[in-house]
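The values are calculated or read from the model by the stated rules, or taken from the named source; none is laboratory data. Every value quoted in this text rests on a predicted model; they were computed, and no experiment measured them. Glycine gets a Cβ as well: all are built from the backbone with ideal geometry, and neighbour counts include every protein chain shown.
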Amino acid sequence: MNIVDWAIRIIGQMGGPGVALLLFLECVFPPIPSEVILPLAGVTAGQGTNNYWIILAWTIVGSLVGAWLLYGLGVALGGERVRWLCEKLPLLEVEDYDKSVDWFARHGRSGIFFGRMVPGIRSLISIPAGVYKMPIWQFTLLTAAGSAIWNTIFVSFGYFLGENWHVIEPYTNWISNIVYVIILGLLAWFVVSRVLRNRRRARDAA
């Protein structure tokens with residue numbers, strides 16, 4: 001069963017709460033892409049199985065709960081612990097952490113809002129918000145607003161596709177495979193680039 005079939009089964013069995021669950025998992029486990037889940041949720045509304053506005057509301061709920069979890073993780077760890085982890089973990093760098101501190105100080109609010117619409121950043125942006133203790137009401141408002149825009153675009157696409165879902169259904173395996181390849185490629189690039197950089201710095205220090 002590929003990721004599309006799995007998402008369809010969850011949505012079919014649980015409806016709106018299933019959509020929220022998938023969006024929550026997408027926040028804490030990015031390889032589950034919202035770009036696939038949201039249109040599928042819209043399709044169920046377009047076919048009359050679910051109500052469009054209720055489904056959209058559930059997508060925002062799922063995005064918020066996932067963001068709150070990562071925000072809480074940032075609060076629990078705190079800046080010093082995150083910096084310590086960057087010093088100890090081989091693929092992380094203290095300078096990257098320090099740059100994120102500076103970036104968040106200058107662009108924190110806009111980063112939370114627009115970051116919800118950027119794949120790859122959408123989930124992780126919640127952690128520095130917690131680390132730097134952005135007011136929870138402000139974090140919630142910005143996250144909900146950014147998520148509402150992003151979710152509406154993709155849910156609406158699936159909604160208007162509706163009964164024509166069968167047109168793209170033959171390509172779902174292909175879409176899933178492309179998503180997996182991109183994720184694995186980005187992960188490999190990150191690991192290799194960090195290992196090479198660490199080796200280069202060790203060689204220069206010697």
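Just so you know, in segment 7-64 the residues that are over 21 Å from the mean Cα position of the chain (by Cα) and of a type in the set (Ser, Thr, Tyr) include one that is nearest to residue 126 (Cα to Cα), and it is 52. Looking across segment 120-140 at every residue that is among the hydrophobic types (A, V, I, L, M, F, W, C) and either modelled with pLDDT under 85 or more than 17 Å from the chain's Cα centre (by Cα) (or both), the one that is surrounded by the fewest Cβ atoms within 10 Å (Cβ to Cβ) is identified as 137. Within segment 40-54, the set of residues being over 14 Å from residue 14 (Cβ atoms) and touching a residue at least 60 places away in the same chain (Cβ under 8 Å) comprises 42, 43, 45, 46, 47, 52.
Here residue 117 clears all of (1) within 12 Å of residue 68 (Cα to Cα); (2) without any contact (Cβ under 8 Å) to a residue 60 or more places away in the chain; (3) surrounded by fewer than 16 Cβ atoms within 10 Å (Cβ to Cβ) except the condition numbered (1).
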